[in-house]
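The values are calculated or read from the model by the stated rules, or taken from the named source; none is laboratory data. None of the values given here were measured: they were computed from a predicted structure. Positions of Cβ are backbone-derived with ideal geometry, glycine not excepted, and every protein chain shown enters the neighbour counts. Note: accessible area is taken over every heavy atom of the protein model, side chains too, but ligands, DNA and RNA are not part of it. Shrake-Rupley method; radii C 1.70, N 1.55, O 1.52, S 1.80 Å.
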Amino acid sequence: MTVKEQMDILRKGCAEIISEEDLESKLAQSIKTGRPLRVKLGLDPSAPDIHLGHAVVLRKMREFQELGHEVFLVVGDFTGRIGDPSGKSVTRPQLSMEKIMENARTYQEQALKILDPAHTHTVFNGEWLSKLTFEDVINLASKYTVARMLEREEFRDRFHEERPIYIHEFFYPFMQAYDSIALDIDVELGGTDQKFNILFGRTLQREFDQAPQVAILMPILVGLDGVKKMSKSLGNYVGITEDPQESYGKIMSIPDEVMMTYYELATRLPEDDIEAIGKKLVSGELHPRDAKRRLAREIVSLYHSHEAALEAEEEFDTVFLEGGLPENIRDVTISTEHLVSGRIWGPRLLVMADLASSNSEARRLIEQGAVTIDGEKVLASDEDLTVRSGMIVRVGKRRFARIQVN
């Protein structure tokens, strides 16, 4: 493709490109020399699952692949030990190497559901960062001032509010930037919250006599609450490998006002189709519920199949519109040794059934009226409940378990 044709594709959906002139120049040079651009995305495996927010950037990476460029998925096995302070008001806890590698394997498998496996270079930055000597690190640190580092919002706010900033946190942007140097990267992608880190890479590449990388920043997808960034730790996410029924139900729960953002960032629908949906919503020709149903089908189809999306929609209708039960309810076995005269404390039952992560969360769910057994609401969090095989425990709108007593 020509430079203009490639730019038209790559520009779509971006929040910012720094700079477009640099990208056009790099694309022109690529066409002239036949050398594909080297495009990087760094992923720190701080959590095990990739969600729709990550997918916004991964799908842009896929576009680069389809245009014939080389994609490098940099798994931060080394940087993950520090953790990116982006958006964090406190120091991140450092993960163990075992946990990092476990998450990294999952990230790699899930990312390749979006990227083309045959044209994806998956690399681990420990390969080069672990080999740096202390002298190398001192040399890197001499390239940037503390004053410039404190321009970063997270650091600036913590400094002014006299909250701790540890020296090791300053090294995160150095390490991410060094990834670009080690791989001689032309373009780095990330969310808008990664602007400081990616521009840091441009600065450091100049110090190493490399052409500075182009920064392509993608919009941040808000979570299911419609307010905060999609995040597994906040529980407001849709994982790309979640069950189709779970994904469909979650998408149907998003606020109407963020629905068009999801259409733009989380589907592959053409711009004209998305624009038409928006106009019909404004005119009242299209009901928000019907628009959201199509959104849920589009997203589930993208990561599973069209047939899976239709089945998920049918189950959603059965459960939420007709008041029925899903076809496949998870069976949970409760041993009689946990029962006293056939009864068990309500919060403990929810935890054992994996319907709550802790007794305190289980108590809160019961007190909020979110728990039913065989359709009857559980009214008190301090009571023991009679347990019998076959009873259906439901939490909220989407979580079910069928209890079996053994």
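Conditions (1) among the β-branched types (V, I, T); (2) over 18 Å from the mean Cα position of the chain (by Cα); (3) crowded, with 19+ Cβ neighbours inside 10 Å; (4) farther than 25 Å from I50 by Cβ, marked per residue:
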| site | (1), (2), (3), (4) |
| --- | --- |
| K228 | no, no, no, no |
| R268 | no, no, no, no |
| D290 | no, yes, no, yes |
| A296 | no, no, yes, no |
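Do any residues in the stretch 378-399 that are farther than 12 Å from R348 by Cα have Cβ atoms under 6 Å from those of residues that are surrounded by 14 or more Cβ atoms within 10 Å (Cβ to Cβ) and among the polar types (S, T, N, Q), where the two are at least six apart or on different chains, and which pairs are they? Short answer, once both residue conditions are applied: S389/Q404; R394/T372. Note on the stretch 77-104: among residues that are assigned to a helix (DSSP H, G or I) and open to solvent by less than 60 Å² (accessible area, probe 1.4 Å), the one that is modelled with the lowest pLDDT is G80.
For the stretch 311-319, the count of residues that are more than 26 Å from R394 (Cβ to Cβ) and of a type in the set (A, V, I, L, M, F, W, C) is zero.
Filter the stretch 127-142 down to the residues that are charged (D, E, K, R) and assigned to a helix (DSSP H, G or I), then identify the one that is farthest from the chain's Cα centre (by Cα).
Per the stated criteria, the residue is E135.
The residue pairs whose first member lies in the stretch 1-18 and is touching a residue at least 40 places away in the same chain (Cβ under 8 Å), whose second member is hydrophobic (A, V, I, L, M, F, W, C) and assigned to a loop (DSSP other than H, G, I, E, B), and whose beta carbons are closer than 7 Å, counting only pairs six or more residues apart or on different chains, are M1/L67; Q6/L67; I9/L67. For the stretch 327-359, filtered to residues that are touching a residue at least 60 places away in the same chain (Cβ under 8 Å) and surrounded by 15 or more Cβ atoms within 10 Å (Cβ to Cβ), the residue that is nearest to V395 (Cα to Cα) is V332. The condition (being farther than 30 Å from M7 by Cα and of a type in the set (D, E)) is satisfied by just one residue among D225, D184: D225. Per the listing D179, D157, the residue uniquely assigned to a helix (DSSP H, G or I) and open to solvent by 40 Å² or more (accessible area, probe 1.4 Å) is D157. Pairs are defined by a Cβ separation below 7 Å, a sequence spacing of at least 6 or placement on different chains, a first member in the stretch 233-258 that is without any contact (Cβ under 8 Å) to a residue 12 or more places away in the chain, and a second member that is crowded, with 17+ Cβ neighbours inside 10 Å and not charged (D, E, K, R); the pairs so defined are L234/G223. Just one of (1) assigned to a helix (DSSP H, G or I); (2) under 25 Å from G13 (Cα atoms) fails for E188. It is (1). Candidates in the stretch 265-310 are the residues that are hydrophobic (A, V, I, L, M, F, W, C) and in contact (Cβ under 8 Å) with a residue 40 or more places away in the chain; of these, the one that is nearest to K397 (Cα to Cα) is A296. Selection of the stretch 213-228 for residues being out of contact with any Phe, Trp or Tyr (no Cβ under 8 Å at 6 or more places or on another chain) and either under 19 Å from C14 (Cα atoms) or acidic (D, E) (or both) yields Q213, V214, A215, I216, L217, M218, P219, I220, V222, D225. Looking only at residues in the stretch 371-397 that are crowded, with 18+ Cβ neighbours inside 10 Å and under 22 Å from Y248 (Cα atoms), the one that is nearest to the chain's Cα centre (by Cα) is V395. Against the criterion of being β-branched (V, I, T), outside any helix (DSSP H, G or I) and in contact with a helix residue (DSSP H, G or I) (Cβ under 8 Å, 6 or more places away or on another chain), I274 does not qualify.
Filtered by the rule that a residue be part of a strand (DSSP E or B) and open to solvent by 20 Å² or more (accessible area, probe 1.4 Å), the stretch 44-76 gives a lone residue, E70.
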